[in-house]
Structures are given as structure tokens and as C-alpha cells.
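A.B. asks: I'd like to ask you about the structure that follows.
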Amino acid sequence: MLYQLYETQRALLSPFAEFASASSKLYSHPLSPFAHTPMADRVSAGLDLMHRLSKEYEKPEFDITSVNVGGVDVAVQQQVALDKPFCRLLRFKRFSDDLEALARLKDQPTVLVVAPLSGHHATLLRDTVRALLREHKVFITDWTDARMVPVEAGPFHLDDYVAYVQEFIRHIGADVNVISVCQPTVPVLAAVSLMASAGEATPRTLTMMGGPIDARRSPTAVNNLAMNKSHQWFEHNVIYRVPVNYPGAGRRVYPGFLQHSGFVAMNPDRHLSSHYDYFLDLVRGDDDSADSHREFYDEYNAVLDMPAEYYLDTIRTVFQEFALVNGTWQVEGRLVRPQDITGSALLTVEGELDDISGAGQTRAAHELCTGIPKARQFHYDVIGAGHYGIFSGRRWREKVYPIVRDFIASHQDEGPAGARPAPARKASRRRSASR
């Protein structure tokens with residue numbers, strides 16, 4: 001019933017949002033007589049803010065059409081490599097008429113970015129993809145809003161997520177380097193572990209960033225909620241059925257609007273201050289700051305529904321039973337054994353100020369992946385970075401990306417990674433760099 005009430009509210013606010021937008025322009029357009037009345041700038045700014053607070057936010061586009069590779073601008077085309085009911089595997093194909101640049105593109109490593117299925121769209125990693133495209137061939141998982149998936153497509157469990165990751169890795173090939181951001185660190189580690197246990201070739205490198213590998217360490221507010229409420233509480237309080245006006249009508253989901261409310265509730269003062277600053281920027285005519293605000297919140301406010309089965313599985317497996325670190329997690333009857341991974345190199349990345357995945361949660365992967373030689377295990381602490389800072393923004397571009405780039409590059413001349421011991425050779429020592 002809550003979902004239906006939300007949809008009713010959204011329908012009622014839609015005309016008001018459009019009216020606020022039009023009225024804002026009426027008080028700001030230089031040819032409008034209202035723009036020259038007293039306090040017109042404040043009235044326009046207030047109406048614009050009302051429009052943004054009441055409008056519906058659609059899924060943004062990646063909007064990456066070109067990238068500079070070695071000083072040459074090359075075109076980028078977004079392609080669908082695989083299309084599954086709950087996810088599309090996207091490829092960012094790069095094109096160039098410059099023969100030298102083309103040769104450079106062909107020799108660059110391939111990266112699969114596994115985006116989180118935890119409320120926001122994969123476009124939240126736009127900055128991640130844009131940086132990687134300079135020196136890598138890039139694929140990314142683009143998870144589908146569950147309300148857009150017909151009930152006939154069946155349920156989607158955490159086990160299905162693991163199977164999707166395995167299928168994507170096999171499709172791209174064993175030379176792939178996998179980067180998982182936040183939530184997918186757990187199913188990605190499970191997927192690669194199962195492939196190693198079965199004797200399949202595994203990715204050359206695994207980069208895990210800000211994820212709850214061991215959610216017992218430095219628990220955050222997110223962890224505490226998941227650990228202190230029962231599985232039944234989540235099923236009875238946050239799971240609803242999709243209304244009839246969507247293709248997925250009747251499907252049980254964790255609605256995006258509830259997730260968004262939770263995101264805002266974690267830092268209400270910060271969001272209130274940000275919106276007030278936006279109002280002042282509009283009044284002052286600071287278009288650059290106002291555009292930055294719009295860009296951030298266009299992404300932040302665009303959320304998707306998660307399949308109920310997947311969400312409840314994640315709560316139980318990751319945050320209540322800690323099945324991965326306890327060695328009890330089974331996927332379709334097969335035990336997840338990270339210690340069976342031997343041929344992949346491992347890098348974990350954590351943000352000093354991460355309030356989503358606490359300190360040590362991602363680093364715990366090293367204690368599980370005992371089959372990977374210590375010389376091929378690395379860790380990086382990003383000083384001053386919060387959760388989003390490790391994959392987006394200035395700290396990502398200036399601090400984290402160079403570490404990830406060099407880590408991937410240093411493991412490209414080795415043989416294909418498989419479920420076998422790595423060649424015995426001297427490698428750089430494991431790092432715990434804080435810079």
C-alpha cells in the first residue's frame with residue numbers, strides 16, 4: 001500500500017514541479033518583465049529549488065562520447081554486449097582514425113567494472129569509467145530497475161547475481177581485470193572463488209573497493225541496521241509490490257524511494273546545507289556551483305527498485321550470518337572457498353572516512369584469499385576520502401586511479417590466471433599505503 005501512496009503523491013506533485021520550473025524561468029528570463037521586479041532573483045531561486053525537490057528523477061545517461069588517449073581524442077560508443085533480464089553488460093567501444101592511437105587501444109588491458117545493485121544506477125560510476133577509458137577497454141554491469149522487469153522473468157536471488165558475474169567474466173575472457181565497487185565485492189569474490197574451485201581460469205586481477213567483505217569490522221550505521229533487525233522485520237517493513245503502472249507490476253521489491261529516504265536520513269544536515277547553498281548560488285548567479293549541485297543530485301536522486309529476493313538474501317548472507325567469512329556460504333549447493341583462488345592478484349581499497357563500509361571490512365579479503373601469494377596482495381587506504389570519494393571525484397582521479405592503473409598494468413605480462421599456484425618469482429611487497 002505504501003508504494004501506491006507514493007505513486008499517488010508523485011502524480012500529484014508532478015504538475016506542481018512543472019509549474020515551479022516554468023515560474024522560475026518567468027522570474028529569471030531577461031525578456032520577462034517579472035525578472036525586473038524587486039526580489040525577482042530570490043523568487044526565481046526559490047521556485048527552482050521547489051522544482052528540484054518535487055520533480056521525478058529519471059535514470060541518467062553515462063554521456064561519455066569521447067576520451068583522450070595518449071593526447072589523441074578518440075570517440076566512445078556505448079554498446080550492449082549481453083542483455084539479461086536484470087542486467088545489461090555494457091561495453092564502451094573506442095574508435096580512432098589515428099593508427100598510432102588505434103594500436104595503443106588494442107594493447108590496453110580489459111576491465112570489467114561490477115557496479116553495485118544497491119539503490120543507485122550504474123551511472124553513479126561515470127567518473128570511474130571515464131578515468132579507466134584512458135588506458136583500458138571497459139565493460140560495466142548496468143543493473144535494471146526491478147519495477148521494469150515483468151514478473152514472468154522470475155525472481156532474482158543473490159545466487160543469480162553470482163551467476164551473472166560468472167557469465168560476464170566468461171563472455172569477456174580470462175584476460176579480464178575485475179573491479180568491484182561497494183556491494184558487489186562479496187558476490188564477485190564468491191563468483192571468482194567458485195570458478196577457481198571448478199578449475200576455471202580466473203581474472204588476472206581483482207580490485208575490491210569499499211565493500212562489506214566482513215561487515216563485523218568497524219560497523220557503520222548501515223551495518224548496525226542490518227545486523228540489529230531480524231530478517232522478518234525487513235521482509236515485513238521494506239518489501240512492497242510494484243504498482244500496476246509499471247511493467248513489473250506485482251513484483252516484490254525494495255523500493256528505490258525508501259532507499260533514497262535512508263540515504264538522506266544518514267546525513268540530513270549535509271543535504272539541507274547543500275540545498276541552501278544551491279539557493280544562494282542561484283541568487284548570486286554562480287552558475288558553475290549551481291551546475292555542480294544539479295549534476296550531483298540528478299545522479300543521487302535517481303534510484304532503482306531492488307528485487308526483494310536479492311535484497312533479503314544479501315541482508316541474511318552478508319550482514320547477519322556473515323557466511324562468506326565464516327566459510328558457510330553455499331551457492332547452488334557449492335561451498336564458496338576464496339582460498340581456492342591462486343592465479344589472480346588482489347588489491348583492496350578503503351576510504352578513511354567511509355561511513356558505508358567501515359575500516360577493515362574490505363581488507364578482510366586478504367585473510368580469506370590465502371591461496372594468493374602475499375607478493376600479489378596489495379591494500380591502499382585513501383586518506384580523507386569518504387565512500388564516494390574512492391571511486392568518484394578528485395581523490396579518485398588523483399589518488400586512487402593511479403594505484404589501480406599501475407596495479408592492473410603490473411600483472412598483464414603474466415600467463416593466464418587459473419586455479420593453480422602462481423609462478424614463483426619476486427614481486428613488490430604488499431603495500432598499506434596511506435597517501
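We did not get these values from a lab; they are worked out from the coordinates using the rules stated. Computed from a prediction, not measured in an experiment: that's the story for all the values here. Using ideal geometry, Cβ is built from the backbone for each residue, glycine included, and neighbour counts are taken over all protein chains shown.
A.B. asks: Give the shape of region 172-214 as rounded, prolate or oblate, defined through the alpha-carbon gyration tensor: a ≥ b ≥ c are the square roots of its eigenvalues, a/c under 1.5 means rounded, and otherwise the shape is prolate if a/b is larger than b/c and oblate if not. Could the numbers behind the result be given before it?
C.D. replies: Working: a/c = 2.96, a/b = 1.50, b/c = 1.97.
Since a/c reaches 1.5 but b/c is at least a/b, the shape of region 172-214 is classed as oblate.
A.B. asks: Sort TYR240, TYR310 so that the residue with the fewest other Cβ atoms within 10 Å of its own Cβ comes first and the one with the most comes last.
C.D. replies: Lowest to highest Cβ neighbour count: TYR240, TYR310.
A.B. asks: In sequence order, what are the phi-derived ³J(HN,Hα) couplings for region 300-305 according to the Karplus relation 6.51 cos²θ - 1.76 cosθ + 1.60 with θ = phi - 60°, rounded to whole Hz, with x for glycine and proline?
C.D. replies: Those phi angles translate into 5, 8, 8, 10, 10, 7 Hz.
A.B. asks: Let me ask another. Based on Cβ point charges of +1 for Lys and Arg and -1 for Asp and Glu, what charge dipole magnitude is obtained for region 336-416 about its Cα centre, in debye rounded to the nearest 20?
C.D. replies: 120
A.B. asks: Take the alpha carbon atoms of region 164-223, find their center, do the same for region 50-118, and report the distance between the two centers in whole angstrom.
C.D. replies: 21
A.B. asks: Follow-up question, since we're still on this one. Hey, got the dipole for region 253-355? About the Cα centre, +1 on K and R Cβ, -1 on D and E Cβ, debye to the nearest 20?
C.D. replies: On the way: 6 positive and 20 negative charges, 120 e Å.
Dipole about the Cα centre, nearest 20: 580 debye.
A.B. asks: Just one of (1) 76, 62, 36; (2) 72, 49, 41; (3) 77, 56, 40 is Cα extents along the principal axes in Å calculated from these coordinates, so which is it?
C.D. replies: Label of the calculated value: (3).
A.B. asks: At a 10 angstrom cut-off on C-beta neighbours, averaged per residue, how do the peptides 137-145, 398-406, 247-255 rank from highest to lowest?
C.D. replies: Working: 137-145: 23.7, 398-406: 16.9, 247-255: 19.9.
Peptide ranking by packing, descending: 137-145, 247-255, 398-406.
A.B. asks: Whose amide H sits under 5 Å from the amide H of GLY371, counting only residues 5 or more places off or on another chain, with H placed in the peptide plane?
C.D. replies: Excluding prolines and chain starts, which carry no amide H, the hits are ILE341.
A.B. asks: Among ASP313, ASP107, ASP354, what is the fewest-to-most ranking by other Cβ atoms within 10 Å? Provide the component values of the computation, followed by the final result.
C.D. replies: Details: ASP313 19, ASP107 8, ASP354 24.
Exposure proxy ranking, most exposed first: ASP107, ASP313, ASP354.
A.B. asks: Give, as ranges by residue number, the residues of region 276-313 whose backbone N falls under 16 Å from the point 7 Å along Cα→Cβ of ALA35.
C.D. replies: Backbone N within reach: 282-287.
A.B. asks: Give me the orientation-averaged projected area of the Cα convex hull of region 158-262, in nm², one decimal.
C.D. replies: Values: hull surface 35.4 nm².
Result: a mean projected hull area of 8.8 nm².
A.B. asks: Per DSSP H run of at least 4 residues, take -39500 (n - 2.57); add these up for the chain, divide by its residues and hand me the 222 nm value, nearest 500 deg cm²/dmol.
C.D. replies: Working: 15 runs with 165 residues, N = 435.
Value at 222 nm, helices only: -11500 deg cm²/dmol.
A.B. asks: Strictly over 32 Å apart at the Cα level, which of LYS84/LYS374; LYS55/LYS93; LYS25/LYS399; LYS93/LYS399; LYS55/LYS106; LYS59/LYS93 would you flag in this model? Numbers along the way, then the final one.
C.D. replies: Values: LYS84/LYS374 37 Å; LYS55/LYS93 34 Å; LYS25/LYS399 41 Å; LYS93/LYS399 26 Å; LYS55/LYS106 44 Å; LYS59/LYS93 21 Å.
Flagged as over cut-off: LYS84/LYS374; LYS55/LYS93; LYS25/LYS399; LYS55/LYS106.
A.B. asks: Go through region 329-364 and name the GluC sites (Glu not before Pro) that are in a DSSP coil and have 12 or fewer other Cβ atoms within 10 Å of their Cβ.
C.D. replies: Numbers: sites: GLU332, GLU350, GLU352; in loops: GLU332, GLU352.
When the GluC sites (Glu not before Pro) of region 329-364 are filtered for loop state and at most 12 Cβ neighbours within 10 Å, GLU332 remain.
A.B. asks: Starting with the fewest neighbours, write out LYS229, LYS55, LYS106 ranked by other beta-carbon atoms found within 10 Å of each beta-carbon.
C.D. replies: Working: LYS229 15, LYS55 18, LYS106 9.
Exposure proxy ranking, most exposed first: LYS106, LYS229, LYS55.
A.B. asks: Under the definition of Cα pairs under 8 Å and six or more residues apart, what whole-number percent is the relative contact order of the chain?
C.D. replies: Values: 822 pairs, mean separation 79.3, N = 435.
Relative contact order for the chain comes out at 18 percent.
A.B. asks: Suppose we keep just the DSSP beta bridges with both residues in the chain; what percent of those would be antiparallel, to 5? It would help to have the intermediate numbers written out before the result.
C.D. replies: Details: 26 of 53 bridges.
Once the DSSP bridges in the chain are tallied, antiparallel ones form about 50 percent.
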